[in-house]
Amino acid sequence: MTEKEKMMRRINALRFAMLDMHLYLDSHPGDCDAAAQMEKYRKEAQDLMKKYEDAYGPLNEYQNATSRWAWISDPWPWDT
């Protein structure tokens, strides 16, 4: 697995964990430990996404891109 794939896998894991924590906090709003854990995941995901975008380009259409067509430089999903 390449470094790029490892980073993307970790980003996806963090985003899933944040979604799961968000759903948990909907039913347990007073759980300060869970809220702190979600904030930890959010910070780690934000930092890792910044690092990924600096190295490989934008993750989605809302991020700042240095090249209008940066997203097309990778293989399409059906090409891998």
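Pairs are defined by a Cβ separation below 8 Å, a sequence spacing of at least 6 or placement on different chains, a first member in segment 23-43 that is in contact (Cβ under 8 Å) with a residue 24 or more places away in the chain, and a second member that is assigned to a helix (DSSP H, G or I); the pairs so defined are Y41/L14; Y41/A17; Y41/M18; Y41/M21; R42/M18. Within segment 1-45, the only residue that satisfies the criterion of being within 24 Å of P58 (Cα to Cα), among the hydroxyl-bearing types (S, T, Y) and either touching a helix residue (DSSP H, G or I) at 6+ places or on another chain (Cβ under 6 Å) or at pLDDT 95 or above (or both) is Y41. Among all residues of segment 69-78, there is none that is polar (S, T, N, Q), exposed (fewer than 11 other Cβ atoms within 10 Å of the Cβ), part of a loop (DSSP other than H, G, I, E, B) and at pLDDT below 95. Within segment 1-45, the residues that satisfy the criterion of being surrounded by 11 or more Cβ atoms within 10 Å (Cβ to Cβ) and either of a type in the set (V, I, T) or within 23 Å of S73 (Cα to Cα) (or both) are K4, M7, M8, R9, R10, I11, N12.
The values are calculated or read from the model by the stated rules, or taken from the named source; none is laboratory data. The shown structure was predicted, so the numbers you read here are calculated from the model rather than taken from an experiment. Because the Cβ atoms are built from the backbone with ideal geometry, glycine has one as well, and the counts that use them run over all protein chains shown.
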